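The values are calculated or read from the model by the stated rules, or taken from the named source; none is laboratory data. Here the structure is a predicted model, which is why all the values come from computation and not from measurement. Glycine gets a Cβ as well: all are built from the backbone with ideal geometry, and neighbour counts include every protein chain shown. Ligands, DNA and RNA are excluded from the accessible area calculation, which covers all protein heavy atoms including side chains. Shrake-Rupley method; radii C 1.70, N 1.55, O 1.52, S 1.80 Å.
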Amino acid sequence: FRPVLSVQSERLQPFADEHLIRVPAGVLNNCGTVWLRDGQFVLIRSVHAAAVLDAEAVLLPAAALTGYGGIKRVPLPGSVTAITLRFAEDEVIFAASGLCLHCASVAGSAVEPGADCGYLPVIGVDRGRDLMALIGAGALNTADLPRAA
């Protein structure tokens with residue numbers, strides 16, 4: 001267990017260009033529907049990631065999840081409060097039981113695609129969507145994945 005050093009809240013108002021990523025219950029081991037901001041990094045574990053990226057898990061932005069398992073980018077349903085947790089170091093936490101989310105440190109370290117966050121590679125929206133498409137296809141065997149990537 002790590003102590004939470006900071007809890008920030010931000011009130012989001014529904015404007016034409018404000019959206020959230022809606023992750024339906026059960027899609028990413030989450031027990032209930034979860035709402036994420038586009039840039040929230042999510043940890044994905046998969047044999048597909050291991051075969052293509054040589055890593056058992058990767059961090060990707062929530063925007064890359066759209067289209068997988070009914071995950072959608074939707075307009076804000078109304079005024080909502082976004083909560084941000086900060087720790088002494090970057091952490092991955094569980095949300096809604098099994099969904100794994102990245103939380104930056106109090107120093108505000110930015111997670112950037114192409115970098116490593118500790119031992120986890122970080123990929124961007126396009127590569128993330130490709131990975132989620134491979135995971136969603138499911139019919140591919142791991143021997144074919146490097147060619148598909």
> Just one of ARG73, ARG127, ARG147 is at pLDDT 90 or above, open to solvent by 80 Å² or more (accessible area, probe 1.4 Å) and part of a helix (DSSP H, G or I); which is it?
Replying inline: ARG127
> In the stretch 86-93, is there at least one residue being of a type outside the set (A, V, I, L, M), under 16 Å from PHE41 (Cβ atoms), at pLDDT below 90 and open to solvent by less than 30 Å² (accessible area, probe 1.4 Å)?
Replying inline: no
>> Report every pair of residues separated by at least 6 positions or lying on different chains whose Cβ atoms are under 9 Å apart, first residue within the stretch 80-97 and under 19 Å from VAL111 (Cα atoms), second among the basic types (Lys, Arg) and part of a strand (DSSP E or B).
In response: ALA82/ARG11
>> For the stretch 36-45, which positions are outside any loop (DSSP other than H, G, I, E, B) and surrounded by fewer than 16 Cβ atoms within 10 Å (Cβ to Cβ)?
In response: ARG45
>> Anything in the stretch 1-33 that is of a type in the set (Gly, Ala, Ser) and either open to solvent by 80 Å² or more (accessible area, probe 1.4 Å) or not in a strand (DSSP E or B) (or both)? List them, or say none.
In response: SER9, ALA16, ALA25, GLY26, GLY32
> Of the numbered conditions (1) open to solvent by 20 Å² or more (accessible area, probe 1.4 Å); (2) within 20 Å of LEU120 (Cβ to Cβ); (3) not in a helix (DSSP H, G or I), HIS48 satisfies every one except a single condition; which is it?
Replying inline: (3)
